[in-house]
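Just so you know, all these numbers are worked out from the coordinates, no wet-lab data involved. Worth saying up front: this structure is predicted, and the values here are computed from it rather than measured. Please note: Cβ atoms are built from the backbone with ideal geometry, for glycine as well, and neighbour counts cover all protein chains shown.
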Amino acid sequence: MKRNDCRVNWALFEIVMNNAGEREKGNNMKLYDNIIAPAMAIHPGEILKDEIDARGMTQKVLAEKMGRPLQVINLIINGRKSISEDTALDLEKAFDGELTAEMWVQLDANYRLDSARLRRQERKAS
């Protein structure tokens, strides 16, 4: 895969690397009572949307490849449904193993953890 393919692998790599560097510098992260909170939580549905767009795929095509209802894909993309382990395995298969189930599960776990940190940060601020 070329660097400019605009596939989530490179985008995800850059997000992880940039966040690591920003955390070291203290940017995009805030320390509240020894809890590091992110500036925002990114739902894995946003990354899924970017990925299917980059491939010229539609939600309908992805749903068919996964054997799932279109509504499920739409709920994930719109941030109203999380990615379960079974969904992650279906995504891995739909993307021919290029995007692993582990990646999807980790993105979802990171989103939930970041969301919890942000909620805690908001409670402490008020």
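Filtering region 83-126 to residues that are within 27 Å of VAL61 (Cα to Cα) and of a type in the set (A, V, I, L, M) leaves ILE83, ALA88, LEU89, LEU91, ALA94, LEU99, ALA101, MET103, VAL105, LEU107, ALA109. Candidates GLU92, GLU64, GLU98: the one that is crowded, with 17+ Cβ neighbours inside 10 Å and farther than 17 Å from HIS43 by Cα is GLU92.
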